[in-house]
Amino acid sequence: MRTFPLTLAAALAATLLLTGCDDDKAGGDDVKNADRPSDAACALGDMGVKVGAGAAPAAGDTGTVTVTLTNKGKQCTLKGFPGVDLMADDKTTSVSPDEGAKAQSLTLGKGGTTSFTITYVRGEAGSAESLAVRKASFTLPGDTGTAHELAWSYGEVAWAADKKPSVSGFETSGD
């Protein structure tokens, strides 16, 4: 008679253990992303992109272009700075990180957002120290083979040694 309660207890424990191993298809993204390494690089193809600008109204004024990214994929990590290029009709040039900025690591879950900002000084039209930018493109660290292009409608960009554009690191958004 003593074996019956032990057998029943063992069967009950096995049932509970197997229930905990159920393949949860409705468990949501937290369950799906639980095994994904938190240091997997974010892919540009998994990001929603929105651009907002505080355009410089006249030559010598400072303007900003803020790019907001929303992760539509699995949890991922951004380590470093975005790669930004400005393209004129006959020239493409890379934008350096803000002076003194330090690259940080930022992990984004699905639906997480981040942003970075391109800061520039508006150049004088036709000046040898200005770049007539028509497009900008950016890549993410760890996904440098995929670029997102955007039309540049913010005027010429000053390209003198003390007025070159710069890009911020990734900033956290939300609460």
Open item on the list: For a quick check: with amide H placed at 1.01 Å from N, whose amide H comes under 5 Å from Ser115's, ignoring anything fewer than 5 positions away on the same chain?
Closed with: Leu69, Glu171
Open item on the list: At 0.36 nm per residue, and after removing the present C-alpha to C-alpha distance, how many nm does the segment from Ala59 to Glu124 gain when stretched out fully?
Closed with: 22.9 nm
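Largest first, what is the accessible-area ranking of Arg122, Arg134 with a 1.4 Å probe?
Result, largest first: Arg134, Arg122.
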Task: Protein-only accessible surface order, largest first, of Val95, Val49 at 1.4 Å - done: Val49, Val95
Task: Given charges at beta-carbon only (K, R positive; D, E negative), |dipole| of region 68-128 in Debye - done: 560 debye
Task: Whole-percent pair-distance distribution, where bins are 10 Å wide, for the alpha carbons of region 87-175 - done: 14, 43, 30, 11, 1
Task: Ranked order, Glu124, Glu156 - accessible area, probe 1.4 Å, largest first - done: Glu124, Glu156
Task: Under Karplus coefficients 6.51, -1.76 and 1.60, residue-wise ³J(HN,Hα) of region 163-169 in Hz, glycine/proline x - done: 10, 5, x, 9, 10, 7, x
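The values are calculated or read from the model by the stated rules, or taken from the named source; none is laboratory data. Every value quoted in this text rests on a predicted model; they were computed, and no experiment measured them. Because the Cβ atoms are built from the backbone with ideal geometry, glycine has one as well, and the counts that use them run over all protein chains shown. Just the protein is used for accessible areas: all its heavy atoms, side chains included, with ligands, DNA and RNA removed. Shrake-Rupley method; radii C 1.70, N 1.55, O 1.52, S 1.80 Å.
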